[in-house]
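The values are calculated or read from the model by the stated rules, or taken from the named source; none is laboratory data. It should be emphasised that the depicted structure is a prediction, and the values quoted were computed from it without experimental measurement. Don't worry about glycine lacking a Cβ; one is built from the backbone with ideal geometry, like all the others, and counts go over all protein chains shown. Remember, those area values only see protein heavy atoms, side chains included, never the ligands or the DNA or RNA. Shrake-Rupley method; radii C 1.70, N 1.55, O 1.52, S 1.80 Å.
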Amino acid sequence: MALSRRDFLLSSLAAPVLVRWPGRLGQGAPVAQTRSWAPVFTPVRRNVSVFTARGGTIAYLANADALFVVDSQYPDSATAFLEGLRARLGSRRIDVLINTHHHVDHTGGNPVFKPVTRTIVAQANVPGLQRQAAREQTPPVEQVYADVTFEDTWDKTVGDEIVHARKMTPAHTGGDAVVHFERANIVHVGDLVWGRLQAFVDRPGGASAVNWIKVTEAIIATYPADATYVWGHSGTGVPVVGTRTDVLTMRDYLTALIDYVRGEIKAGKSRDEIVASKDVLTAFPAFGPLTPRALAGTYDELAGG
Ligand SMILES: [Zn+2]
(Lines give C-alpha, C1' and ligand atoms only; values in the text may rest on other atoms or scores of the structure.)
Protein backbone atom coordinates (compact mmCIF):
# COMPACT_ATOMS: atom_id res chain seq x y z
CA MET A 1 0.00 0.00 0.00
CA ALA A 2 1.38 3.38 -1.01
CA LEU A 3 2.03 5.78 1.81
CA SER A 4 0.25 9.11 1.72
CA ARG A 5 2.23 12.18 2.72
CA ARG A 6 0.70 12.09 6.18
CA ASP A 7 1.34 8.37 6.56
CA PHE A 8 4.92 9.05 5.63
CA LEU A 9 5.14 11.82 8.21
CA LEU A 10 3.80 9.53 10.93
CA SER A 11 6.28 6.84 9.93
CA SER A 12 9.10 9.37 9.99
CA LEU A 13 8.30 10.68 13.47
CA ALA A 14 10.53 8.21 15.27
CA ALA A 15 13.81 9.85 14.34
CA PRO A 16 13.32 13.33 15.86
CA VAL A 17 11.56 11.81 18.86
CA LEU A 18 14.51 9.68 19.81
CA VAL A 19 16.86 12.65 19.72
CA ARG A 20 14.58 14.67 21.94
CA TRP A 21 14.33 12.09 24.69
CA PRO A 22 17.04 12.24 27.34
CA GLY A 23 18.76 8.90 27.81
CA ARG A 24 17.86 7.57 24.37
CA LEU A 25 20.20 9.08 21.80
CA GLY A 26 22.51 11.77 23.06
CA GLN A 27 25.39 13.60 21.43
CA GLY A 28 28.27 11.41 22.58
CA ALA A 29 28.06 10.27 26.20
CA PRO A 30 24.72 8.89 27.43
CA VAL A 31 22.47 11.50 29.02
CA ALA A 32 20.76 10.72 32.34
CA GLN A 33 17.08 9.83 32.15
CA THR A 34 15.32 12.84 33.64
CA ARG A 35 11.79 12.28 32.44
CA SER A 36 9.41 11.92 35.39
CA TRP A 37 6.61 10.25 33.46
CA ALA A 38 6.21 7.01 31.61
CA PRO A 39 4.03 6.39 28.55
CA VAL A 40 1.50 3.64 29.30
CA PHE A 41 -0.91 2.12 26.75
CA THR A 42 -3.87 0.21 28.22
CA PRO A 43 -6.50 -1.57 26.10
CA VAL A 44 -10.01 -1.04 27.44
CA ARG A 45 -12.55 -2.70 25.11
CA ARG A 46 -13.48 -3.22 21.47
CA ASN A 47 -10.50 -1.44 19.86
CA VAL A 48 -10.55 1.45 22.33
CA SER A 49 -7.49 2.02 24.53
CA VAL A 50 -6.20 4.70 26.86
CA PHE A 51 -2.78 6.30 27.04
CA THR A 52 -1.40 8.00 30.12
CA ALA A 53 1.87 9.91 30.37
CA ARG A 54 1.78 13.62 31.18
CA GLY A 55 -1.43 15.63 30.94
CA GLY A 56 -5.01 14.57 30.37
CA THR A 57 -5.69 10.93 29.54
CA ILE A 58 -5.78 10.14 25.82
CA ALA A 59 -8.34 7.60 24.56
CA TYR A 60 -8.11 6.21 21.06
CA LEU A 61 -10.00 3.94 18.73
CA ALA A 62 -7.99 1.91 16.27
CA ASN A 63 -10.03 -0.32 13.99
CA ALA A 64 -9.50 -1.51 10.42
CA ASP A 65 -11.04 1.66 9.01
CA ALA A 66 -9.94 4.51 11.18
CA LEU A 67 -7.71 5.89 13.88
CA PHE A 68 -9.55 8.25 16.18
CA VAL A 69 -7.94 10.03 19.15
CA VAL A 70 -9.38 12.01 22.10
CA ASP A 71 -7.07 14.71 23.49
CA SER A 72 -3.40 15.37 22.80
CA GLN A 73 -1.62 16.01 26.15
CA TYR A 74 1.65 17.99 25.75
CA PRO A 75 4.11 18.03 22.83
CA ASP A 76 6.57 15.63 24.49
CA SER A 77 3.98 13.10 25.62
CA ALA A 78 2.08 13.44 22.32
CA THR A 79 5.33 12.52 20.59
CA ALA A 80 5.69 9.48 22.85
CA PHE A 81 2.08 8.55 22.09
CA LEU A 82 2.59 8.73 18.32
CA GLU A 83 5.81 6.78 18.54
CA GLY A 84 4.10 4.07 20.62
CA LEU A 85 1.17 4.01 18.25
CA ARG A 86 3.48 3.54 15.31
CA ALA A 87 5.19 0.63 17.08
CA ARG A 88 1.80 -1.01 17.66
CA LEU A 89 -0.05 -0.20 14.46
CA GLY A 90 2.60 0.63 11.89
CA SER A 91 2.37 3.76 9.79
CA ARG A 92 -1.17 4.99 9.92
CA ARG A 93 -2.69 8.39 9.50
CA ILE A 94 -4.92 9.68 12.33
CA ASP A 95 -8.35 10.43 10.93
CA VAL A 96 -9.73 12.54 13.78
CA LEU A 97 -8.38 14.17 16.93
CA ILE A 98 -11.03 15.57 19.29
CA ASN A 99 -10.11 17.97 22.09
CA THR A 100 -12.46 17.60 25.09
CA HIS A 101 -11.70 21.22 26.11
CA HIS A 102 -9.09 23.94 25.59
CA HIS A 103 -6.64 23.37 28.48
CA VAL A 104 -3.02 23.05 27.47
CA ASP A 105 -2.66 19.57 28.97
CA HIS A 106 -5.35 18.39 26.52
CA THR A 107 -4.48 20.52 23.45
CA GLY A 108 -0.74 21.17 23.88
CA GLY A 109 0.08 18.13 21.72
CA ASN A 110 -2.03 19.41 18.80
CA PRO A 111 1.02 20.80 16.94
CA VAL A 112 2.62 17.34 17.10
CA PHE A 113 -0.56 15.67 15.85
CA LYS A 114 -1.29 18.22 13.13
CA PRO A 115 1.08 16.90 10.42
CA VAL A 116 -0.26 13.34 10.77
CA THR A 117 -3.92 14.10 11.46
CA ARG A 118 -6.62 14.78 8.92
CA THR A 119 -9.09 16.66 11.14
CA ILE A 120 -9.02 18.25 14.60
CA VAL A 121 -12.46 18.69 16.16
CA ALA A 122 -13.63 20.62 19.22
CA GLN A 123 -16.70 22.25 20.68
CA ALA A 124 -17.28 25.70 19.18
CA ASN A 125 -16.15 27.61 22.27
CA VAL A 126 -12.78 25.85 22.45
CA PRO A 127 -10.67 27.82 19.92
CA GLY A 128 -11.61 31.15 21.52
CA LEU A 129 -10.84 29.91 25.02
CA GLN A 130 -7.57 28.41 23.76
CA ARG A 131 -6.59 31.76 22.22
CA GLN A 132 -7.47 33.58 25.45
CA ALA A 133 -5.44 31.12 27.57
CA ALA A 134 -2.53 31.26 25.11
CA ARG A 135 -2.30 35.06 25.47
CA GLU A 136 -1.67 34.56 29.20
CA GLN A 137 0.98 31.85 28.83
CA THR A 138 4.62 32.75 29.40
CA PRO A 139 6.62 31.59 27.66
CA PRO A 140 4.16 31.25 24.77
CA VAL A 141 3.15 27.72 23.83
CA GLU A 142 2.59 26.89 20.17
CA GLN A 143 -1.12 26.51 19.47
CA VAL A 144 -2.96 24.49 16.87
CA TYR A 145 -6.72 25.02 16.81
CA ALA A 146 -9.54 22.73 15.73
CA ASP A 147 -10.36 23.00 12.05
CA VAL A 148 -13.86 21.61 12.59
CA THR A 149 -16.05 22.80 15.46
CA PHE A 150 -19.55 21.86 16.58
CA GLU A 151 -22.09 23.65 18.71
CA ASP A 152 -24.10 20.87 20.40
CA THR A 153 -23.22 17.48 18.89
CA TRP A 154 -20.88 15.89 16.38
CA ASP A 155 -21.13 12.31 15.17
CA LYS A 156 -19.05 10.08 12.95
CA THR A 157 -19.25 6.44 11.93
CA VAL A 158 -15.77 4.96 11.84
CA GLY A 159 -15.87 1.42 10.49
CA ASP A 160 -17.89 -0.66 12.94
CA GLU A 161 -17.90 2.06 15.62
CA ILE A 162 -20.00 5.20 16.02
CA VAL A 163 -18.45 8.14 17.82
CA HIS A 164 -20.53 10.93 19.32
CA ALA A 165 -19.23 14.16 20.81
CA ARG A 166 -21.66 16.19 22.88
CA LYS A 167 -21.38 19.65 24.42
CA MET A 168 -21.56 19.40 28.23
CA THR A 169 -20.76 22.86 29.46
CA PRO A 170 -20.25 25.22 31.27
CA ALA A 171 -18.64 23.03 33.91
CA HIS A 172 -14.85 22.58 34.22
CA THR A 173 -14.52 25.24 31.46
CA GLY A 174 -16.84 27.00 29.07
CA GLY A 175 -16.16 24.52 26.27
CA ASP A 176 -16.38 20.99 27.65
CA ALA A 177 -17.42 18.07 25.47
CA VAL A 178 -17.92 14.38 26.17
CA VAL A 179 -16.95 11.73 23.61
CA HIS A 180 -18.86 8.44 23.44
CA PHE A 181 -17.66 5.36 21.61
CA GLU A 182 -21.15 3.92 21.28
CA ARG A 183 -20.50 0.27 20.50
CA ALA A 184 -17.53 -0.03 22.82
CA ASN A 185 -19.73 1.75 25.38
CA ILE A 186 -16.85 3.93 26.53
CA VAL A 187 -17.30 7.57 27.50
CA HIS A 188 -14.36 10.00 27.69
CA VAL A 189 -15.47 12.87 29.92
CA GLY A 190 -12.29 14.94 29.72
CA ASP A 191 -11.87 16.83 32.98
CA LEU A 192 -15.55 16.71 33.96
CA VAL A 193 -14.68 13.84 36.29
CA TRP A 194 -11.41 13.27 38.06
CA GLY A 195 -10.36 10.30 40.15
CA ARG A 196 -10.14 11.55 43.71
CA LEU A 197 -8.49 14.89 43.10
CA GLN A 198 -9.60 18.40 43.98
CA ALA A 199 -11.38 19.94 40.98
CA PHE A 200 -10.12 22.84 38.89
CA VAL A 201 -12.90 25.40 38.53
CA ASP A 202 -11.48 27.55 35.72
CA ARG A 203 -13.70 30.60 36.09
CA PRO A 204 -11.69 32.77 33.65
CA GLY A 205 -11.95 29.84 31.22
CA GLY A 206 -15.74 29.89 31.48
CA ALA A 207 -16.25 27.33 34.29
CA SER A 208 -19.34 27.05 36.44
CA ALA A 209 -19.15 24.83 39.51
CA VAL A 210 -22.90 25.19 40.02
CA ASN A 211 -23.72 24.06 36.47
CA TRP A 212 -21.03 21.38 36.67
CA ILE A 213 -23.30 19.51 39.09
CA LYS A 214 -26.07 19.55 36.47
CA VAL A 215 -23.57 18.39 33.86
CA THR A 216 -22.63 15.34 35.93
CA GLU A 217 -26.33 14.51 36.17
CA ALA A 218 -26.73 15.02 32.42
CA ILE A 219 -23.84 12.61 31.84
CA ILE A 220 -25.56 9.98 33.99
CA ALA A 221 -28.86 10.55 32.17
CA THR A 222 -27.30 10.50 28.68
CA TYR A 223 -25.03 7.45 28.68
CA PRO A 224 -25.82 3.79 29.39
CA ALA A 225 -25.78 2.71 33.03
CA ASP A 226 -23.10 0.13 32.28
CA ALA A 227 -20.81 2.50 30.34
CA THR A 228 -17.11 2.55 31.10
CA TYR A 229 -15.86 6.06 31.80
CA VAL A 230 -12.44 7.57 31.08
CA TRP A 231 -11.40 10.82 32.73
CA GLY A 232 -8.55 13.26 32.45
CA HIS A 233 -6.67 12.87 35.73
CA SER A 234 -6.53 10.72 38.84
CA GLY A 235 -4.78 10.80 42.17
CA THR A 236 -1.79 8.54 42.71
CA GLY A 237 -2.78 4.90 42.40
CA VAL A 238 -6.32 5.74 41.28
CA PRO A 239 -7.35 4.42 37.84
CA VAL A 240 -8.37 6.81 35.02
CA VAL A 241 -11.12 4.39 34.01
CA GLY A 242 -14.28 3.79 36.05
CA THR A 243 -18.06 3.69 36.15
CA ARG A 244 -21.12 5.89 36.66
CA THR A 245 -20.53 5.57 40.41
CA ASP A 246 -17.44 7.76 39.94
CA VAL A 247 -19.52 10.34 38.06
CA LEU A 248 -21.97 10.41 40.97
CA THR A 249 -19.07 10.77 43.41
CA MET A 250 -17.87 13.78 41.39
CA ARG A 251 -21.36 15.29 41.61
CA ASP A 252 -21.44 14.81 45.36
CA TYR A 253 -17.93 16.22 45.76
CA LEU A 254 -18.87 19.34 43.75
CA THR A 255 -21.98 19.74 45.89
CA ALA A 256 -19.83 19.51 49.03
CA LEU A 257 -17.33 22.01 47.59
CA ILE A 258 -20.05 24.54 46.84
CA ASP A 259 -21.70 24.03 50.23
CA TYR A 260 -18.32 24.57 51.90
CA VAL A 261 -17.63 27.84 50.06
CA ARG A 262 -21.18 29.08 50.65
CA GLY A 263 -20.73 28.37 54.37
CA GLU A 264 -17.44 30.24 54.51
CA ILE A 265 -18.92 33.25 52.70
CA LYS A 266 -21.86 33.21 55.11
CA ALA A 267 -19.41 33.08 58.03
CA GLY A 268 -17.96 36.38 56.79
CA LYS A 269 -14.57 35.13 55.59
CA SER A 270 -12.69 37.05 52.92
CA ARG A 271 -11.89 35.72 49.46
CA ASP A 272 -8.21 35.40 50.43
CA GLU A 273 -9.03 33.41 53.56
CA ILE A 274 -11.38 31.07 51.71
CA VAL A 275 -9.05 30.48 48.74
CA ALA A 276 -6.16 29.68 51.11
CA SER A 277 -8.11 27.01 53.01
CA LYS A 278 -6.47 23.61 53.35
CA ASP A 279 -9.51 22.03 54.95
CA VAL A 280 -10.56 18.54 53.95
CA LEU A 281 -14.19 18.08 52.91
CA THR A 282 -15.62 15.76 55.54
CA ALA A 283 -17.08 13.17 53.18
CA PHE A 284 -14.16 13.30 50.73
CA PRO A 285 -10.90 12.69 52.59
CA ALA A 286 -9.47 10.78 49.60
CA PHE A 287 -9.62 14.00 47.54
CA GLY A 288 -7.03 15.58 49.83
CA PRO A 289 -7.08 19.13 51.18
CA LEU A 290 -8.92 21.89 49.32
CA THR A 291 -6.84 23.84 46.79
CA PRO A 292 -6.88 27.38 45.38
CA ARG A 293 -7.78 25.93 41.96
CA ALA A 294 -10.95 24.43 43.42
CA LEU A 295 -11.81 27.33 45.70
CA ALA A 296 -11.07 30.51 43.73
CA GLY A 297 -13.38 29.78 40.79
CA THR A 298 -16.10 28.51 43.08
CA TYR A 299 -15.84 31.57 45.30
CA ASP A 300 -15.90 33.96 42.33
CA GLU A 301 -18.95 32.28 40.89
CA LEU A 302 -20.89 32.26 44.18
CA ALA A 303 -19.85 35.82 45.03
CA GLY A 304 -20.93 36.94 41.57
CA GLY A 305 -17.44 37.57 40.23
ZN1 LIG B 1 -8.80 20.81 32.12
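Here are some notes:
- Residues (within 16 Å of the ligand (Cβ to nearest atom) and either assigned to a loop (DSSP other than H, G, I, E, B) or open to solvent by 70 Å² or more (accessible area, probe 1.4 Å) (or both)) located in the stretch 147-185: Met168, Thr169, Pro170, Ala171, His172, Thr173, Gly174, Gly175, Asp176
- Positions within the stretch 231-256 being in a helix (DSSP H, G or I) and of a type in the set (Phe, Trp, Tyr), in sequence order: Tyr253
- All positions within the stretch 231-249 that are of a type in the set (Ser, Thr, Tyr) and open to solvent by 40 Å² or more (accessible area, probe 1.4 Å): Thr236, Thr243, Thr245, Thr249
- Reported count of residues in the stretch 56-66, each being crowded, with 22+ Cβ neighbours inside 10 Å and closer than 17 Å to Arg88 by Cβ, is 4.
- Strands (runs of 3 or more DSSP E) fully within the stretch 34-137 counting 1 or more residues that are closer than 29 Å to Gly237 by Cβ and free of Cβ contacts under 8 Å to residues at least 24 places away in the same chain: 40-45, 48-52, 58-62
- Candidates are the residues of the stretch 104-119 that are crowded, with 24+ Cβ neighbours inside 10 Å and among the aliphatic types (A, V, I, L, M); the one that is farthest from the ligand (Cβ to nearest atom) is Val116.
- Among the residues of the stretch 85-103, the ones that are open to solvent by 10 Å² or more (accessible area, probe 1.4 Å), away from the ligand (no atom under 16 Å from the Cβ) and not charged (D, E, K, R) come to 4 in all.
- Cβ separations smaller than 9 Å between residues 6+ apart or across chains give the following pairs from the stretch 210-239 residues that are closer than 17 Å to Ala53 by Cβ to residues that are open to solvent by 30 Å² or more (accessible area, probe 1.4 Å) and of a type in the set (S, T, N, Q): Ser234/Thr52.
- Remark: pairs (first residue in the stretch 192-205, touching a residue at least 24 places away in the same chain (Cβ under 8 Å); second residue open to solvent by 20 Å² or more (accessible area, probe 1.4 Å) and near the ligand (Cβ under 9 Å from one of its atoms); Cβ separation under 6 Å; 6+ apart in sequence or on different chains) = Trp194/His233; Leu197/His233.
- Scan of the stretch 201-230 for residues that are away from the ligand (no atom under 16 Å from the Cβ), in a loop (DSSP other than H, G, I, E, B) and either of a type outside the set (D, E, K, R) or buried (at least 16 other Cβ atoms within 10 Å of the Cβ) (or both), ordered by number: Tyr223, Pro224, Ala225, Ala227
- Selection of the stretch 250-294 for residues being in contact with a Pro (Cβ under 9 Å, 6 or more places away or on another chain) and either open to solvent by 30 Å² or more (accessible area, probe 1.4 Å) or free of Cβ contacts under 8 Å to residues at least 24 places away in the same chain (or both) yields Ala276, Ser277, Lys278, Asp279, Val280.
- Candidate set from the stretch 186-199 (those that are open to solvent by less than 40 Å² (accessible area, probe 1.4 Å) and farther than 13 Å from Thr57 by Cβ); member that is farthest from the ligand (Cβ to nearest atom): Gln198
- Scanning the stretch 209-216 for residues that are of a type in the set (Phe, Trp, Tyr) and in contact with a Gly (Cβ under 9 Å, 6 or more places away or on another chain) turns up nothing.
- The set of residues from the stretch 240-263 being in contact with a strand residue (DSSP E or B) (Cβ under 6 Å, 6 or more places away or on another chain) and either within 16 Å of the ligand (Cβ to nearest atom) or over 26 Å from Phe51 (Cβ atoms) (or both) comprises just one member, Val240.
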